[in-house]
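Take a look at the structure below.
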Amino acid sequence: MSISLISERPHVPQRFRVLGLFVHRHAARIAVAGLASFTLLFALGCASTAAPAAPDRAQWPTLVKARAEARWKLIASDNYEAAMQYFTVASAKGYNASMLSNVWKPLRPTGAIASDVSCDGEVCSATMNTSISVKLPRVGFRQQTVPLVERWVLENGEFRLIRN
């Protein structure tokens, strides 16, 4: 990069020739400061975007149990937008909170407890004892516990649900 001073007269603003363009002294200072700032931010950004460390395999069942139960608390409180964040990226494609609501809202779930979590290879299976309302003829709604098996995988450093 070549910079040369064009005008040295005090009554004429000083201009510099930078890469073939005439630039005023103040604009040149701003450009250099901006380039330095951008370089620093880029270097810091690259350093902070490293992939998160994978948790220890021995902790996987505990982590999956906690995430699965937290997701069911959100569903029980009708927070389907937040519950969608637990799906893998591929599972969430073409699926939205309204669709999730249409599946679970009629069943009035009150939560779920993980009764068994096992990890085989890269997939963890969690058996969730889900409490839902079942409508019985001439009786009405009754709470029932139904076991559901969910599959969870590690994606971007945290466990995510695979939609069946």
Starting from the Cα gyration tensor of segment 59-164, multiply each eigenvalue by 5, take the square root, and state the resulting semi-axes largest first in whole Å. 25, 17, 10
Could you work out the relative contact order of segment 97-164? I mean the mean sequence separation of Cα pairs under 8 Å and 6+ apart, divided by the number of residues, in percent. 24 percent
Could you size up the charge dipole of segment 65-164 around its Cα centre, putting +1 on the beta carbon of Lys and Arg and -1 on that of Asp and Glu, and report it in debye to the nearest 20? 540 debye
Which of the lysines could a cross-linker bridge to Lys93, judged by Cα under 27 Å and excluding same-chain residues fewer than eight apart? Lys65, Lys73, Lys105
Give the long-range amide H neighbours of Arg163: residues separated by 5 or more places, or on another chain, with amide H under 5 Å away, using H modelled in the peptide plane at 1.01 Å from N. Thr88, Ser91
Paramagnetic reach from Asp116 (point 7 Å along Cα→Cβ, amide N under 20 Å) across segment 138-164: 145-153, 162, 164
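Readers should treat all values here as calculations from the given coordinates under stated rules, not as data from a laboratory. All of these numbers come straight from a predicted model, not from anything done at the bench. Neighbour counts are summed over all protein chains in view; Cβ atoms, including those assigned to glycine, are modelled from backbone coordinates with ideal geometry.
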